[in-house]
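The values are calculated or read from the model by the stated rules, or taken from the named source; none is laboratory data. Nothing here was measured: the structure is a model prediction, and the numbers come from that model. In this analysis, Cβ positions are derived from the backbone assuming ideal geometry, glycine residues included, and neighbour counts consider all displayed protein chains. Keep in mind that these areas ignore ligands, DNA and RNA; they rest on the heavy atoms of the full protein, side chains included. Shrake-Rupley method; radii C 1.70, N 1.55, O 1.52, S 1.80 Å.
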Amino acid sequence: MTTAAARNEAPSSDLLSTYRRREISGFDELLDGGGGLRDHWRLLLDGLQGLSGAERELRTARLARRVRETGIAYDIFADPHTSAQRWSLDLLPIVISADEWRWLERALMQRARLFDSLLNDLYGEQRLLREGLIPSELVFSDPAYLLPCNGILPRAGGLRFYAADLARGDDGKWRVIDNHTETLAGIGFTLANRVVHTHVSGDIFNDCNARRLAPYFQELQTTLTLHSGRENARIALLTPGPHHEDYFSHAYLARYLGYLLVEGHDLKTRNGQVYLKTLEGLREIDLIIRCVEGRSCDPLELDPTGLVGPPGLLRVCRRSPHVIANAIGTALAQNRGLGPYLPGLAHHILDEDLELVDAPRLWLGSPEARHELFANPDHFTIRKAQEGTGRPGQAALGWEARALSTPEREKMKREVALHGATLVAEEKIGFSSAPVLRADGLVPKPFAVRFYVSRTESGYQVMLGGLAMSIDPKRAVALSAPDGQTRDVWVLGEGEQAPHISLWRPTFAAARVDRSQRVIQSRVADDLFWLGRYCERADWTMRVLRGALRRVEEDSGPDTGRRAARKCLEVLLGKDLSAVTGSRKTPPDEEIERLCARLIASGLGSRTLERTLDGLYRVAHLARDRLSLEAWQTLSKFRSGETWRQTLNSARPVEVLDILDEGLATLAAFNGFMHENMTRNYGWSFLDMGRRIERAQNLAEAVLTLFIPVSPDPEETSSSLLLLLELADSFITYRSRYRLDPMLPLVLDLLLLDETNPRSLAFQLSAIARHLESLPDSHQGSALPEDRRLILALLTSIRLADIEAMAREENGAMLERLLMDQLDMLPELSNEISRHYFNVMDEAPHRAHTRVGPLP
């Protein structure tokens with residue numbers, strides 16, 4: 001056997017032998033025509049073969065867990081009880097050799113240059129239309145052509161972001177199946193896949209000498225800062241919002257690059273500038289990275305129903321064309337009908353042969369193309385020429401003529417004759433196959449891959465990697481993966497690579513001192529406020545459940561302890577307090593277990609644990625770009641479908657106690673991350689205020705429930721005091737102060753009046769008052785804002801309370817009045833904070849940046 005042959009046979013005889021027995025159609029990425037292993041896959045297969053089958057299964061499971069924990073493609077508006085994971089990442093990447101990459105890189109940059117010139121002409125002098133190189137009907141029938149953008153795009157710095165979906169045909173040649181010139185086209189998914197994959201398989205990644213993504217993003221970050229014209233630029237990613245399928249990508253990328261994540265209603269245009277609405281008023285935005293559809297960016301001049309951008313944005317672009325990247329209108333280059341004309345345009349514009357051509361297609365606005373379609377309808381799939389840039393995996397499947405009946409074909413012909421300018425006919429191309437790892441070995445799967453290009457100061461650069469997705473060769477024409485099966489793309493390097501860098505850990509030279517960090521959108525403040533409330537609500541509900549079950553499963557005490565626990569359970573379930581007392585046919589222990597089961601798993605009440613955890617994870621997702629990776633991963637335990645949730649819902653009562661302890665520890669860990677790591681800016685103030693309001697309301701409600709009306713039974717009062725101290729996590733504090741059994745005046749002083757006890761009502765109100773004092777006040781004049789008037793009234797009533805007199809009262813009227821006032825005013829305070837700070841603010845613009853040079 002030759003040395004080369006031996007090298008081909010060295011890795012993974014087990015993995016390769018099973019793979020060779022599979023039926024493989026079309027071009028195979030792993031094996032050459034003779035069945036030998038392609039050289040650039042050898043190191044990857046060596047690494048996999050070095051792992052046992054159990055180790056490979058363990059890594060696959062770790063990869064799936066990391067995908068879930070990272071929240072890739074998590075849909076906050078989907079059914080929270082669905083068991084399907086909408087995004088998966090295979091352990092095996094797509095591997096591209098250094099030689100092939102050099103050609104792909106050159107070809108992709110050529111296409112970016114071509115589209116850049118094409119867009120500048122179509123929104124400028126339009127010579128290509130006048131000379132007949134592009135049919136006018138193709139351009140003017142495209143809804144992506146935005147007439148108000150004429151003259152703006154050529155001054156905006158051209159095409160800054162471009163992505164191409166590629167597939168390799170049966171002949172081994174790459175072809176473009178779709179172009180993306182509108183937005184960033186899901187680059188955040190690609191980045192997240194790489195981070196997750198290298199976390200699990202970083203050793204194999206390094207052994208393969210695969211190229212890293214960080215240098216691409218570092219260059220991108222530098223270029224965007226220069227493009228903005230300011231050293232300390234305020235750069236924002238404009239997203240459609242959490243309802244959009246790309247929202248994870250937008251949030252992940254914004255956090256990685258250190259940019260603001262904004263929605264259209266966060267912005268305002270004034271005097272030819274774009275401003276961010278913050279708690280302190282308007283702050284100027286230097287550059288917007290557009291992740292929204294161009295024609296919906298300005299309801300004044302474009303689509304009046306499009307509200308993903310602020311009104312007047314196009315007027316700002318006329319004055320400052322560089323303020324948006326990609327410029328509004330770039331989606332025109334995505335028109336699939338341009339494909340047949342690109343080779344000629346490359347000769348005319350670049351004086352070059354087009355190296356990477358589109359998949360075969362016909363623009364049906366041409367009579368010749370329609371004649372060819374009607375002559376051979378079974379060879380084509382009809383699609384819209386312009387479908388916009390969606391999330392990877394959501395491309396339309398098309399209209400196959402061969403699947404139509406004769407009447408349907410006649411209808412299709414009429415539609416093509418009428419709307420041909422907006423349609424294309426595509427020939428189906430083959431898709432090459434690459435291995436994926438399954439329990440029974442390597443399995444060939446067809447795939448397509450998306451590559452990303454961005455503009456730099458010296459030209460275009462191509463990201464050294466991409467996003468590969470599974471393809472159904474019987475249906476797919478574009479990059480689509482209905483099952484969400486994705487793969488990382490590794491580009492192999494030659495020689496030693498530069499030292500590893502990461503934007504998660506910037507170098508000293510890239511760092512700059514900035515201690516303010518006080519700019520926060522009203523929308524983000526709202527999200528953080530409710531994140532605090534849901535965290536505290538989940539904590540309190542778990543403590544009530546634990547306290548109740550302990551009295552059933554652990555205590556051998558009297559029924560009075562169970563009666564107190566049952567009261568707290570029924571209050572959380574929303575039942576009338578008058579129904580608590582009276583005879584019961586169900587034994588007390590069984591009744592408590594039944595109530596606990598309802599409080600854990602019921603989806604009906606607003607305060608059940610099921611609803612609370614769903615709300616907690618949903619609002620955490622909305623504030624994702626404000627959470628550290630560790631904090632986000634900590635909360636992932638509470639996502640619907642996770643093991644902890646499933647175990648809790650199915651466990652026996654005695655087992656639930658341990659599960660609740662684990663849940664409370666998780667919440668404590670999250671609160672610890674936030675307390676120790678979150679900058680004390682306005683975002684922290686709203687997060688903490690939400691937690692304090694919820695805790696104050698829960699504590700006041702519990703005291704009212706347990707001690708009003710006053711029980712004549714001293715033993716019942718004592719057991720209620722013990723439960724209250726346990727729920728408020730203050731039992732050890734009480735014992736360290738008093739060597740006495742719990743007494744009502746002492747417990748009420750500790751839990752209501754003591755401002756040194758972080759669990760007391762007074763402590764919560766005092767903390768809220770301090771936060772409100774530190775927040776910007778948008779109201780002018782001498783009168784106190786309503787939120788500060790309310791907190792002053794709440795805190796004053798507690799500080800002036802005479803606990804000893806209340807404890808002596810037989811009917812508890814004074815205590816009841818105090819607690820009812822608190823429970824009446826706390827929701828008012830929450831609502832007033834929302835009205836005061838979470839609505840749009842429209843103060844005078846503020847600028848604190850220094851221009852460092854002319855706009856490029």
Next item on the list: With +1 on each Lys and Arg Cβ and -1 on each Asp and Glu Cβ, and nothing else charged, work out how big the dipole of segment 762-823 is about its Cα centre, in Debye to the nearest 20.
Entry: 180
Next item on the list: Run the accessible area of segment 320-382 with a 1.4 Å probe and give the carbon-and-sulfur part as a rounded percent.
Entry: 52
Check: Which FRET efficiency, nearest 0.05, do THR796 and SER774 yield, Cβ-Cβ r, R0 25 Å?
Finding: 0.80
Notebook entry, point to check: Which value, in Å² and to the nearest 10, is the accessible area of LEU133 when all protein chains are kept and the probe is 1.4 Å?
Noted result: 50
Item checked: In order through segment 488-493: 3J(HN,Hα) via Karplus (6.51 cos²θ - 1.76 cosθ + 1.60), integer Hz, x for Gly, Pro -> 6, 10, 9, 9, 7, x
Notebook entry, point to check: Ignoring ligands, DNA and RNA, how do ARG21, ARG194, ARG414 rank by accessible area with a 1.4 Å probe, largest first?
Noted result: ARG21, ARG414, ARG194
Notebook entry, point to check: If one takes the longest principal axis of the Cα atoms in the chain, at what angle in degrees, from 0 to 90 and to the nearest 10, does the Cα axis of helix 653-677 lie?
Noted result: 70
Notebook entry, point to check: Non-local amide H neighbours of GLU284 (under 5 Å, H modeled in plane, Pro and chain starts lacking H): which ones?
Noted result: LEU276, HIS846
Note to self: Under 5 Å between amide hydrogens, which residues at least 5 positions from VAL95 or on another chain qualify, with H placed 1.01 Å from N in the peptide plane?
What the structure shows: TRP490
Item checked: Helix 559-573 axis, angle to the chain major axis (alpha carbon atoms, nearest 10°) -> 40
Checklist line | Å² of accessible area per residue within segment 164-258, as computed with a 1.4 Å probe and no ligands counted | finding: 27
Notebook entry, point to check: At a probe radius of 1.4 Å, what is the per-residue accessible area of LYS384, in Å² to the nearest 10?
Noted result: 120
Next item on the list: Report the relative contact order of segment 603-644, percent, no decimals, based on alpha-carbon pairs under 8 angstrom and at least 6 residues apart.
Entry: 34
Notebook entry, point to check: What value does segment 694-767 have for Rg/Rh, both radii from Cα atoms and Rh as Kirkwood defines it?
Noted result: 0.95
Next item on the list: Arrange the residues ASP821, ASP353 by how much accessible surface each exposes, largest first, with a 1.4 angstrom probe.
Entry: ASP353, ASP821
Notebook entry, point to check: Normalised by the number of residues in the chain, what is the relative contact order in percent for Cα pairs under 8 Å and 6+ residues apart?
Noted result: 16
Checklist line | Estimated FRET transfer efficiency when R0 is 60 angstrom, pair MET814-ARG62 (beta carbons, to 0.05) | finding: 0.55
Next item on the list: For the chain, compute the number of Lys pairs whose alpha carbons are separated by less than 16 Å, excluding pairs fewer than 8 positions apart on the same chain.
Entry: 7
Next item on the list: Assuming a ≥ b ≥ c are the square roots of the Cα gyration tensor eigenvalues, decide whether segment 138-203 counts as rounded (a/c under 1.5), prolate (otherwise, with a/b larger than b/c) or oblate.
Entry: oblate
Next item on the list: Tabulate in residue order the Karplus-calculated ³J(HN,Hα) for segment 628-641, using 6.51 cos²θ - 1.76 cosθ + 1.60 with θ = phi - 60°, rounded to whole Hz; enter x for Gly and Pro.
Entry: 5, 4, 5, 5, 5, 5, 4, 6, 4, 4, 8, 5, 4, x
Item checked: Heavy-atom accessible area ranking, 1.4 Å probe, most first, across ARG65, ARG56, ARG551, ARG799 -> ARG799, ARG65, ARG56, ARG551
Checklist line | Under Karplus coefficients 6.51, -1.76 and 1.60, residue-wise ³J(HN,Hα) of segment 250-255 in Hz, glycine/proline x | finding: 5, 5, 5, 5, 4, 5
Notebook entry, point to check: Among rounded, prolate and oblate, which fits the chain when a ≥ b ≥ c are the square roots of the eigenvalues of its C-alpha gyration tensor, a/c under 1.5 means rounded, and a/b larger than b/c means prolate?
Noted result: prolate
Next item on the list: Rounding to the nearest 20 debye, state how big the charge dipole of segment 274-372 is about its Cα centre with +1 on each Lys and Arg Cβ and -1 on each Asp and Glu Cβ.
Entry: 520
Next item on the list: Starting from the Cα of PHE140, step 7 Å along the direction of its Cβ; do the same at ASP351; then give the gap between the two resulting points in nm.
Entry: 3.2
Check: In angstroms, what radius of gyration and Dmax does segment 684-818 have, counting Cα atoms only?
Finding: 16.3, 55
Note to self: Tell me the per residue accessible area of segment 310-355 using a 1.4 Å probe; a whole number in Å² is fine.
What the structure shows: 33
Item checked: Accessible surface of segment 621-715, 1.4 Å probe, proportion on carbon and sulfur as whole % -> 51
Checklist line | Residue-normalised accessible area of segment 25-70, given per residue in Å² at a 1.4 Å probe | finding: 45
Check: In deg cm²/dmol, rounded to 500, what helix-only [θ] at 222 nm does the chain give when every DSSP H run of at least 4 residues adds -39500 (n - 2.57) and the total is split over its residues?
Finding: -14000 deg cm²/dmol
Notebook entry, point to check: Where does the charge balance sit around ALA331 when Lys and Arg score +1, Asp and Glu -1, over other residues with C-beta under 9 Å from its C-beta?
Noted result: -2
Next item on the list: Please state the charge dipole magnitude for segment 628-786, taken about the Cα centre, from unit charges on C-beta atoms (+1 on K and R, -1 on D and E), reported in debye and rounded to the nearest 20.
Entry: 340
Check: Which FRET efficiency, nearest 0.05, do ARG680 and LEU784 yield, Cβ-Cβ r, R0 35 Å?
Finding: 0.90
Notebook entry, point to check: Along the charge dipole of the chain, which of TYR247, SER797, GLY309 sits closest to the positive end, that is, farthest toward it, with unit charges on the beta carbon of Lys, Arg, Asp and Glu (+1, +1, -1, -1)?
Noted result: GLY309
